[in-house]
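The values are calculated or read from the model by the stated rules, or taken from the named source; none is laboratory data. Because the structure is predicted, anything quoted here is derived from the model rather than measured. FYI the Cβ positions are ideal-geometry reconstructions off the backbone, even for glycines, and counts take in every protein chain you see.
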Amino acid sequence: MRKYLSNYLCYIDTIIKSGNIENIEELKTEHLRQIQFMQHERFIHLIVTVLFAIILFICIGIFIISENIIFALLTVLILLPLAPYIWHYYFLENSVQKMYAQYNTICTFEKDFVLKDIPKECLAVKPSTDI
């Protein structure tokens, strides 16, 4: 998933930097679809990370109360996958935030494309405040 998302972000950055977007509406639709996929992935990882963290704290609490060495080992065993889960969730969160910014940039391109043929005098007209 990490490689897929990194490649996709690089692909969109390349399109944005080129400034030559053939079909803006199609790109926006596809990008929104990818954002939805990544939001779902991020949500699943959040659930798993929180569950592992809850189990970790339960094991720490039981170890403190009972001082049973098995719970200390269980705590370590739970901590081992929890650290990579947190690291991966951090990556997903930041990547989705970057995708939001990319989407806003694509929308700006679309707005500029639509408004490029309109005379500047028309853009300077303000709506009436009398209504």
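Considering only residues that are more than 24 Å from Tyr4 (Cβ to Cβ) and either surrounded by 16 or more Cβ atoms within 10 Å (Cβ to Cβ) or within 12 Å of the chain's Cα centre (by Cα) (or both), which ones fall in the stretch 74-110?
Matches in the stretch 74-110: Leu74, Thr75, Ile78, Phe109.
Closer than 30 Å to Thr105 by Cα, free of Cβ contacts under 8 Å to residues at least 40 places away in the same chain and among the β-branched types (Val, Ile, Thr): which single residue out of Ile58, Ile62, Ile21, Ile86 fits that description?
Sole residue among the options that is closer than 30 Å to Thr105 by Cα, free of Cβ contacts under 8 Å to residues at least 40 places away in the same chain and among the β-branched types (Val, Ile, Thr): Ile86.
Quick one: count up the residues across the stretch 9-29 that are within 16 Å of Ser95 (Cβ to Cβ) and either touching a His at 6+ places or on another chain (Cβ under 9 Å) or surrounded by 13 or more Cβ atoms within 10 Å (Cβ to Cβ) (or both).
Number satisfying all stated conditions: 4.
Please work out if Leu77 is outside any loop (DSSP other than H, G, I, E, B), farther than 30 Å from Ile24 by Cα and modelled with pLDDT of 90 or more.
Answer is yes for this residue.
Only one of Arg42, Arg2 is surrounded by 15 or more Cβ atoms within 10 Å (Cβ to Cβ) and either among the polar types (S, T, N, Q) or in contact (Cβ under 8 Å) with a residue 24 or more places away in the chain (or both). Can you tell me which?
Just one listed residue meets the conditions, Arg42.
So that you can scan it fast, the table gives a plain yes or no per residue for (1) assigned to a helix (DSSP H, G or I); (2) at pLDDT below 90; (3) closer than 27 Å to His40 by Cβ:
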{"residue": "Ile58", "(1), (2), (3)": "yes, no, no"}
{"residue": "Pro84", "(1), (2), (3)": "yes, yes, yes"}
{"residue": "Phe109", "(1), (2), (3)": "yes, yes, yes"}
{"residue": "Asp112", "(1), (2), (3)": "yes, yes, no"}
{"residue": "Asp117", "(1), (2), (3)": "no, yes, no"}
{"residue": "Glu121", "(1), (2), (3)": "yes, yes, no"}
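Against the conditions (1) aliphatic (A, V, I, L, M); (2) under 25 Å from the mean Cα position of the chain (by Cα); (3) surrounded by fewer than 15 Cβ atoms within 10 Å (Cβ to Cβ), where does Ile70 fall short? Just the number, please.
(2)
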